[in-house]
Amino acid sequence: MAKKSFIQAPQPKALSDAEITHFVEKGVGKDNGVTGNKAGSKETLMRLAFLLPVRQHNRFKSACALQGVKMADEIRAFIQERTEELEKGL
C-alpha cells in the first residue's frame with residue numbers, strides 16, 4: 001500500500017462576490033433557511049442557544065416531561081408572553 005502524503009493540502013476554491021454576500025446576509029449551516037413548524041407556518045425559524053446550570057435544566061426537563069409538553073414549546077410560549085409584556089412597557 002502506498003503512503004499518502006499530506007504535504008500539499010488542497011486549497012479551498014475562491015468565493016464569488018455573490019457567495020460572500022449570501023454568507024454575510026444569511027450565514028451558513030443547517031439552521032439557515034429552516035422554514036415551517038408543526039402548525040404548518042412558512043415562517044423562517046432561528047436557533048437560540050443559551051447555557052443553564054445542569055440542575056436548572058434537569059428540573060425544567062423533568063417538569064415538562066411530567067406535564068407531557070416539550071421544553072422548546074414552553075420556552076417559545078414564555079418568550080411570546082414576555083415579549084408582549086416588554087412591548088407594553090411592563
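Enumerate the aspartates and glutamates that Lys42 could reach by cross-link, defined here as Cα to Cα under 18 Å, with residues fewer than 8 away along the same chain left out.
Asp31, Asp73
Please list, in order along the stretch 58-70, the HN-Hα scalar couplings obtained from phi with the Karplus expression 6.51 cos²θ - 1.76 cosθ + 1.60 (θ = phi - 60°), rounded to whole Hz, x for Gly and Pro.
3J(HN,Hα) across the stretch 58-70, in whole Hz: 5, 5, 5, 4, 5, 4, 5, 4, 5, 8, x, 10, 8.
Quick check: net charge around Arg82, other residues with Cβ under 13 Å of its Cβ, Lys/Arg +1 and Asp/Glu -1?
Its environment carries a net charge of -3.
Every number in this text was worked out from the coordinates using simple rules, so none of it is lab data. Being a predicted model, the structure only gives us computed values, none of them experimental. Cβ: placed from backbone, ideal geometry, glycine included. Neighbour counts: every protein chain shown.
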